[in-house]
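The values are calculated or read from the model by the stated rules, or taken from the named source; none is laboratory data. As the structure is a prediction and not an experimental result, all values here were calculated from the model. So basically every Cβ, Gly included, is an ideal-geometry build from the backbone, and we count neighbours across all protein chains shown.
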Amino acid sequence: MAAAHDLHILHVDCKNAFLHDQSDVELYVLQPEGFIDKRFPEMVLRLNKSLYGLKQAPRIWYLFLCGVIVGLGFVALETDPCIYVRGEIILEVYVDDIKIAGPNSIKCNEIFQELSQQINVESKGPIQSFLGINVIRNWEKHLIGLNQGAYIDRLVEEFELSTAKVTRTPLEQSLPLLAAKPGEKMCNIDYYQRLVGSLNHLAVFTRPDIAFSVSKLAQFNSNPSATHLKAALHVVRYLKGSRNLCIVYKRQEHTATILGYSDSDWGSDVNGRRSFTGYLFMAYGGSVTWTSHKQTTVAQSTCDAEYMAISDASREALARIQFFQELNISTAPILVLSDSETALQLANGTALNYRKAKHIDIKYHAIRHYIQEDKVQVNHIPGTANIADIFTKPLGPKYHQQFVHDMGMWNIQDIVE
């Protein structure tokens, strides 16, 4: 949204966040070493305020900060309670990181001054990074890019791949990932889980191009083999060669256009014969939400798998509509594209063989009502142009690079130059 409307973003950090407020519950701690009362050495201390390390501390801080922000006239969104709105100012909170978005720097600084009268905060100026995500901005081109190059560099160094060759795709097409068999060489489970967890952080925040790979590798977290570890390290080698990729958002002055892509790969999980669902939604030129996961039931046909994928995507589409509505941004009905004509016929209620879908869980049929109420629209797209294909299977270099570009990922140099 900042890119779409040329909003200024001020980065604010809260100092000693968990020490601000009085505790609303009874909390007791042992007397600290070196400060034990000799008269009552067996007694404990009751806390008046929160402390770092307490499991209750995040909740106490959130309630306190929420009260301060609401007291300044902001209203929390129902779709995301960590985002607050007051007029043309949008305020986003992540624990002790606050981002203030407004039409100009003067209004952002006014909000900062209001906050500083209530809590101990520090202005870090125009946003450059948060949560390890670099924010690259080009005011002349009206672009904002999100990148985690430094995080990838640390990952490469941590797992000793500085001299390893880079790869063009996250996973090899020819390598089937199967559950470990008795007698197969295993790897260190903590090492593997730490690696996959680090990759998941990237897949969730700024690297949708590895979402399928990470989802696939995470299935083996409880019993990883040497083959699984090799595949996970292959993803790191791919990231090493593509560290400069970033999601880019552009200015858009008119009605927000959200476009969705949905796909499924029938029965691709050899271990359980469940299908993979993948979908992607784009707005302002870049990816805003995506997923790659196994379906909860075994689909009996390609049509079933594709139909369930479209239904999952339609629910996400509704969530995006509600989010934009709360921000008073008008949106057209979201178009979800799929490469399955039979699944689209079922969704539209025009299929002559609709009885063949009556065994599908009733929750998936909600898409028909969304379409009838004109909340969501669906249409066909050729498989070779369906970006969501990257979330359901390993692809070759040609199509992988094509879809990476199509989902709004650029090289960082294309933004700054």
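For this structure, a couple of remarks:
- Qualifying residue in the range 65-86 (condition: buried (at least 17 other Cβ atoms within 10 Å of the Cβ), under 16 Å from Leu115 (Cα atoms), of a type in the set (Ser, Thr, Tyr) and within 26 Å of the chain's Cα centre (by Cα)): yes
- In the set Ala179, Ala232, only one residue is modelled with pLDDT under 95, of a type in the set (Gly, Ala, Ser) and outside the structural domain of Asp339 (by TED's automatic domain parsing); that residue is Ala179.
- Which listed residue is more than 24 Å from Arg251 (Cα to Cα) and of a type in the set (Ser, Thr, Tyr), from Ser105, Ser123: Ser123
- Exactly one residue among Arg315, Arg273, Arg243 is without any contact (Cβ under 8 Å) to a residue 60 or more places away in the chain and part of a loop (DSSP other than H, G, I, E, B), and that residue is Arg273.
- Any chance Phe205 is surrounded by fewer than 23 Cβ atoms within 10 Å (Cβ to Cβ) and aromatic (Phe, Trp, Tyr): yes
- For the range 180-223, filtered to residues that are in contact with a helix residue (DSSP H, G or I) (Cβ under 9 Å, 6 or more places away or on another chain), among the charged types (D, E, K, R) and assigned to a helix (DSSP H, G or I), the residue that is nearest to Thr289 (Cα to Cα) is Asp209.
- The single condition among (1) within 15 Å of Asp389 (Cβ to Cβ); (2) modelled with pLDDT under 95; (3) buried (at least 19 other Cβ atoms within 10 Å of the Cβ) that Ser262 does not meet is (2).
- Applying the set (1) surrounded by 15 or more Cβ atoms within 10 Å (Cβ to Cβ); (2) more than 18 Å from the chain's Cα centre (by Cα); (3) without any contact (Cβ under 8 Å) to a residue 24 or more places away in the chain to Glu160 leaves exactly one unmet item: (1).
- Matching option when the condition is within 30 Å of Asn271 (Cα to Cα) and touching a strand residue (DSSP E or B) at 6+ places or on another chain (Cβ under 6 Å), among Asp304, Asp312: Asp312
- Residue list for the range 372-398, restricted to those being in contact with a helix residue (DSSP H, G or I) (Cβ under 7 Å, 6 or more places away or on another chain), in a helix (DSSP H, G or I) and surrounded by fewer than 20 Cβ atoms within 10 Å (Cβ to Cβ): Gly383
- Members of the range 34-51 that are surrounded by 10 or more Cβ atoms within 10 Å (Cβ to Cβ) and among the acidic types (Asp, Glu): Asp37
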